[in-house]
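Please treat every number below as a calculation from the coordinates, not as lab data. Since the structure is predicted, the reported quantities are computational estimates derived from the model, not experimental observations. Heads up, the Cβs are rebuilt from the backbone with ideal geometry, glycines too, and the neighbour counts pull from every protein chain shown.
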Amino acid sequence: MAETETAPTVIVDQVDIVYRVHGTGAGRGTATAALNRIIGGRRRTEARAGVRTVHAVKNVSFTARKGEAIGLIGTNGSGKSTLLKAVAGLLPVERGRIFTDGQPSLLGVNAAMMNDLTGERNVRLGGLAMGMSREQVAERYDDIVEFSGINEKGDFITLPMRTYSSGMAARLRFSIAAAKDHDVLLIDEALATGDRSFQKRSEARIRELRKHAGTVFLVSHNNKSIRDTCDRVLWLERGELRMDGPTADVLKEYERFTGGGKG
Ligand SMILES: Nc1ncnc2c1ncn2[C@@H]1O[C@H](COP(=O)(O)OP(=O)(O)OP(=O)(O)O)[C@@H](O)[C@H]1O
């Protein structure tokens, strides 16, 4: 075995994920064309019965190891968030298997925060939800707020979350989750928000989490964040894993793909 090879934390083995949307009005226009492309014979019956299916992830396999920070890239709708949710155990797979070591924590911009409660209450409840004890939350509270930068322009932490911009809310979410060590931390776009100094703090924290032998996944449209944070990148396109390799190699191909238009 290679000296650098550490223990696997996530194994994704030939995974397919299909969304089924129940409703009326299916089977018209471009939706039909898209459906016909993505569904097999077995599911045409469902389509006729008004069940729309979206084959969001197709035959994806990879193994993640301790200490790795892995970027997930791909154009809109390519299946990045879907794959992350499945690794977090929040979505069932249609085919294949996902093994994870411990309970992965998903940190997304859509993660549940209670808008009518203050930032402070959300930090305390969010910390508990992340598995910290009451004492740990109390001990880390000041650091979490400082890390988030929420109070830089006033005492926002005592105001309800609904008064926050989406960037502030995303920063607070990241700060709560980052206050704890995770075996597997899944981050969806958190770093795309926030100013440069918050991004720098986040990147430094991700490096720390990696030192504590965790694995970090980062979904982002910000190639610079990916470059600064990740040593390996998975590129998904239309649900398929198009490339898996060192960050520089994958980003080079991806930038050629996105920057090159049709050519
Ligand atoms: N809850 C859902 N129900 C039905 N289809 C969905 C659902 N969520 C996502 N999809 C579809 O699955 C496909 C993959 O979506 P996903 O959000 O995983 O892509 P993404 O790469 O994260 O996109 P983006 O970069 O735009 O955030 C898309 O075609 C999307 O429309």
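What ranking, highest mean first, results for peptides 168-175, 93-100, 75-82 when packing means the other Cβ atoms within 10 Å averaged over each residue? Each step should come with its number before you reach the end.
Values: 168-175: 24.6, 93-100: 15.6, 75-82: 18.1.
In decreasing order of mean packing, 168-175, 93-100, 75-82 become 168-175, 75-82, 93-100.
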Inset, instruction - For VAL219, list long-range residues whose amide hydrogen, built 1.01 Å from N in the peptide plane, is under 5 Å from its own amide hydrogen. - result: LEU72, ILE187, ASP188, GLU189
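Given the pairs LYS58/LYS252; LYS58/LYS180; LYS80/LYS153, which span a C-alpha to C-alpha distance of over 31 angstrom in this model?
Details: LYS58/LYS252 23 Å; LYS58/LYS180 33 Å; LYS80/LYS153 34 Å.
As for pairs spanning more than 31 Å Cα to Cα, those are LYS58/LYS180; LYS80/LYS153.
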Inset, instruction - Starting at the first residue of the stretch 131-141, write each ³J(HN,Hα) from the Karplus equation 6.51 cos²θ - 1.76 cosθ + 1.60 with θ = phi - 60°, in whole Hz, x for Gly and Pro. - result: x, 7, 7, 4, 5, 5, 4, 4, 5, 9, 3
Legend entry - Note, ³J(HN,Hα) from phi for the stretch 98-106, Karplus 6.51, -1.76, 1.60, rounded to Hz, x at Gly and Pro: 10, 10, 10, 8, x, 9, x, 10, 9
Inset, instruction - From zero up to wherever the largest Cα-Cα distance of the stretch 119-191 sits, split into 10 Å bins and tell me the percent of pairs in each. - result: 21, 56, 23, 1
Inset, instruction - Considering the options SER165, ILE176, GLY154, tell which one lies farthest towards the positive end of the dipole of the stretch 138-238, charges being +1 on Lys and Arg and -1 on Asp and Glu at the Cβ, about the Cα centre. - result: SER165
Legend entry - Alpha-carbon centroids, the stretch 48-104 and the stretch 236-257: separation in whole Å: 16 Å
Inset, instruction - May I ask you to derive the relative contact order of the stretch 124-263, considering only C-alpha pairs under 8 Å and at least 6 residues apart, and to give it as an integer percent? - result: 16 percent
